[in-house]
Amino acid sequence: MASLISCPHCGVRPREEFTIRGDASLTRPAADAGGDAWYEYIYLRDNPRGRHKEYWHHSSGCRRWLIVERDTVTHAVHTVCDAALAKLGGAA
Ligand SMILES: [Zn+2]
């Protein structure tokens, strides 16, 4: 696991200040989507090798939600952005 993560609000902080919260690449199905779509969204996860986007919570810092792109093989962190700003299409 990467030992340092650069929070866009707090700067470079130790990994222990963060909590990993799951896959950031999932798309929520429509409310009227079938049971199979909801089952897959809620219960099924890939185990990707290589670059992957994940939600991380800066639980011992600014308490912001971040999207961290990291390599699951090398644990290198490539990008970090604020999840709320990314969702709004703003700068990370
Ligand atoms: Zn922070």
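The values are calculated or read from the model by the stated rules, or taken from the named source; none is laboratory data. What you are looking at is a predicted structure, and each value in this text was computed from that prediction instead of being measured. No Cβ is skipped: glycine too gets one built from the backbone with ideal geometry, and neighbour counts run over all protein chains shown. SASA here: full protein model, heavy atoms, side chains in, ligands and nucleic acids out. Shrake-Rupley method; radii C 1.70, N 1.55, O 1.52, S 1.80 Å.
Here are a few things to note about the model shown:
- Taking the chain as a whole, the Cys residues whose C-beta sits 4.7 Å or farther from every other Cys C-beta are 62, 81.
- Mean projection of the Cα convex hull over all viewing directions, computed for the range 1-68: 5.5 nm².
- The chain: most fluctuating residue of 44, 66, 26 per GNM, C-alpha cutoff 10 Å: 44
- Dipole size of the chain about its Cα centre, with +1 on Lys/Arg Cβ and -1 on Asp/Glu Cβ: approximately 300 debye, rounded to the nearest 20.
- Counting only DSSP H runs of at least 4 residues, each contributing -39500 (n - 2.57), and dividing by the residue count of the chain, the helix-based mean residue ellipticity at 222 nm comes to -4000 deg cm²/dmol.
- Per residue solvent-accessible surface (Å²) - the range 51-92, probe of 1.4 Å: 57 Å²
- Apportionment of accessible area to carbon and sulfur, the chain, percent (1.4 Å): 50 percent
- For the range 30-79, a simple Cβ point-charge model (Lys and Arg +1, Asp and Glu -1, everything else neutral) yields a dipole of about 360 debye relative to the Cα centre.
- Think of the range 8-66 as having a plus end and a minus end, set by charges on the Cβ of Lys, Arg, Asp and Glu; of 24, 60, 38, 60 sits farthest toward the positive end of this dipole.
- Structure remark: mean-square fluctuation, Gaussian network model of the chain, C-alpha springs under 10 Å; the largest value among 48, 29, 14 belongs to 29.
- Of 11, 22, 35, the one that fluctuates the most in a GNM where the chain has Cα springs shorter than 10 Å: 35
- Taking 0.36 nm per residue of sequence separation and removing the Cα-Cα distance, the residue 42/residue 12 pair yields an extension gain of 7.6 nm.
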